[in-house]
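The values are calculated or read from the model by the stated rules, or taken from the named source; none is laboratory data. Remember, it's a predicted structure, so these values are computed and weren't measured experimentally. For accessibility, only protein heavy atoms count, side chains too; no ligands or nucleic acids. Shrake-Rupley method; radii C 1.70, N 1.55, O 1.52, S 1.80 Å.
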Amino acid sequence: NPRVKDSSWCRRRRPLEASFKADGIGEVVLARDVSSNGSDVGDVLGDFAGIELLEGLTSNLFVIYKDGTLRTAKCELVLEGYARSLVLKVARRLGLEYNMQEQIMLQDAVDGKWAEVFVTSSVRLVLPVTSVVVPEYSVDQTGNGNARSSSYRGIWTRDNDVSDEKSYAARVYEEILNAELFRE
């Protein structure tokens, strides 16, 4: 249940952090395979067509598409964080339309449809993402058949012409700080 991340969640996420949060990796994003082949996400990371991105281990994920729409995972799939709710309140004021039925698909990044990515949390509020990478797997040498991430492949990098000051993430952050939202 994504709405209830109790103390056991901290214990359950540690192996994910240990496996995937190498130097230079700021957040690990949870994903699910929504294709009809029923594979594990780890089995299909070479084929991004059916991979939906949900949320980070300690954050909510937002993607702004080049068509001006904002996407984040459906409420029933993620923890509805406070910072997430603030972003959704200010999004339309900034000209961003969002539709909770649209998924954040990893293939869209490969296809060049993403303009910006940012994560939110109550500690970081809004944090722009400069690149998205996925693990490349190799078979564990112990012979138990487990896949291990040995390297990372770049999937998306923010355009150089989008500075932190010009980004929607910065504008969302400023709007939240300047708004009366904290008093609601």
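Say we look at the range 30-55 and pick out the residues that are open to solvent by less than 30 Å² (accessible area, probe 1.4 Å) and at pLDDT 85 or above; which of these is farthest from ARG12 (Cα to Cα)? Among residues in the range 30-55 that are open to solvent by less than 30 Å² (accessible area, probe 1.4 Å) and at pLDDT 85 or above, the one farthest from ARG12 (Cα to Cα) is GLY50. Residue count for the range 4-20, restricted to those that are open to solvent by less than 80 Å² (accessible area, probe 1.4 Å), of a type outside the set (S, T, N, Q) and modelled with pLDDT of 70 or more: 5.
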